Amino acid sequence: MTDKKKVLLSGMQPTGMLHLGNYEGALKNWVDLQNSGKYEIYFCIVDWHALTTAYENTADIVERIYQITADYIAAGLDPEKVAIFVQSDVKQHAELQLLLSMITPIPWLERVPSYKEKVETLGLDSYGFLGYPLLQTADIIIYRADGVPVGKDQLPHLELTREIVRRFNYIYGDVFPEPEALLSDAPYIPGADRRKMSKSYDNHICMGDPPDKIKKRVMSYYTDETKIHRGDSGHTDTCPVFALLKIYAPDEIDKIKSDCESGNTEWGCVKCKKLLADRIIEKFTPFREKREQLLTDREKLRKILADGAERARIRAEETMKLVRKALKMWSEQ
Ligand code: TYM
């Protein structure tokens, strides 16, 4: 008897070009999980989620879907091995979200940290936005996923997903496994202002950015604010440039750490930033060329997404049959 493969699902918002946080926090891990051959994998581009904030400005979403698809493939995802698809091509996600909304207490949604933060900072107050993590729950459990490879910022959403699964299974019987988060080696990447790297903070570096843009952004990074003169001893554990050097210059990291912490006057923050910019440019130049080439054939990208959606729909519909049956819905009686 062959063991059934475990199922993984993850997704990203179509924000256009992906940044280093998306790559190091999630995408790089996705490629490794794909290449391990151990899983059945679904990767979703969540265009309905984008509407929860960008509902007035929908014109860019299609282009952003092409951009992110090119990033996925240029980074090493293989559409033959994993299903890459657009969320709105698999309508079952919406049906499941609707049914889950019946059993989800509103306070569970109101206490999600990203909801509270965005209500305060962006003044968002729509029903759709409140339901954001419930749609994410539907994205995950409609594939009866065992694992969800994401960055650290998604853990509260995953916790809510697990709670909803427990509630559903308790009320209607066991349909869903409780999915687990699979974190990468670098689950949190800081941006230039030390906050989480994110397009909404405009503190990011995209994998596909041209070298001059990468250089400019790296040079604008905060470092250790207590290291004012080169001879001052630095604190590498709180420096965002050091956090990135650990990833992009592992061969130099021990020396940088001891020079920075001992206040060696030969080695200052500017040198660190120059090294970091060079390493990022060197690493992502082949990637940038590949993504640009992929974007010259939109028909091919469209076909990849259509094939992925077809595969995703089969699994999603299988799950919905189980769900409708568990709820004793009309269509399954
Ligand atoms: P999104 O589009 O914001 O981010 C996509 C992935 O990138 C990771 N990430 C980071 N990791 C480390 N450091 C950072 N600075 C950083 N910024 C982003 C995220 O953790 C994520 O893994 N709600 C999700 C989209 C979503 C989803 C899903 C994810 C919808 N449905 C189902 C998983 C499963 C989001 O907005 O991710």
Hey, among the residues in the stretch 167-211 that are within 12 Å of the ligand (Cβ to nearest atom) and hydroxyl-bearing (Ser, Thr, Tyr), which one's farthest from Leu8 (Cα to Cα)?
-> Tyr201
Determine whether Ala83 is more than 15 Å from the ligand (Cβ to nearest atom) and within 30 Å of Lys290 (Cβ to Cβ).
-> no
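Report yes if some residue within the stretch 196-208 is farther than 12 Å from Leu20 by Cβ and assigned to a helix (DSSP H, G or I); otherwise report no. Steps first, please.
Let us first name the residues in the stretch 196-208 that are farther than 12 Å from Leu20 by Cβ, namely 200-202.
Adding the requirement that they be assigned to a helix (DSSP H, G or I) leaves 200-201.
So far as the stretch 196-208 goes, yes, one or more of its residues are farther than 12 Å from Leu20 by Cβ and assigned to a helix (DSSP H, G or I).
Does Leu27 satisfy being in a strand (DSSP E or B) and either within 10 Å of the ligand (Cβ to nearest atom) or open to solvent by 40 Å² or more (accessible area, probe 1.4 Å) (or both)?
Spelling it out, it is not the case that Leu27 is in a strand (DSSP E or B) and either within 10 Å of the ligand (Cβ to nearest atom) or open to solvent by 40 Å² or more (accessible area, probe 1.4 Å) (or both).
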If you check Leu124, Leu100, Leu135, Leu96, which single one turns out to be within 16 Å of the ligand (Cβ to nearest atom) and outside any helix (DSSP H, G or I)?
-> Leu124
So is Asp146 in the same structural domain as Lys28 (by TED's automatic domain parsing), within 10 Å of the ligand (Cβ to nearest atom), touching a residue at least 40 places away in the same chain (Cβ under 8 Å) and of a type in the set (D, E, K, R) or not?
-> no
Run Pro156 past the list (1) in contact (Cβ under 8 Å) with a residue 60 or more places away in the chain; (2) in a helix (DSSP H, G or I) and report the number of the one that doesn't hold.
-> (1)
Taking the stated definitions as given, is Lys255 outside the structural domain of Lys321 (by TED's automatic domain parsing), exposed (fewer than 15 other Cβ atoms within 10 Å of the Cβ) and assigned to a helix (DSSP H, G or I)?
-> yes
Provide a single number: the residues in the stretch 149-166 that are more than 8 Å from the ligand (Cβ to nearest atom), of a type in the set (Val, Ile, Thr) and within 17 Å of the chain's Cα centre (by Cα).
-> 1
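The values are calculated or read from the model by the stated rules, or taken from the named source; none is laboratory data. It should be emphasised that the depicted structure is a prediction, and the values quoted were computed from it without experimental measurement. With ideal geometry, Cβ positions are generated from the backbone for all residues, glycine too; neighbour counts draw on all protein chains shown. These area figures cover heavy atoms from the full protein model, side chains too; ligands, DNA and RNA do not enter into them. Shrake-Rupley method; radii C 1.70, N 1.55, O 1.52, S 1.80 Å.
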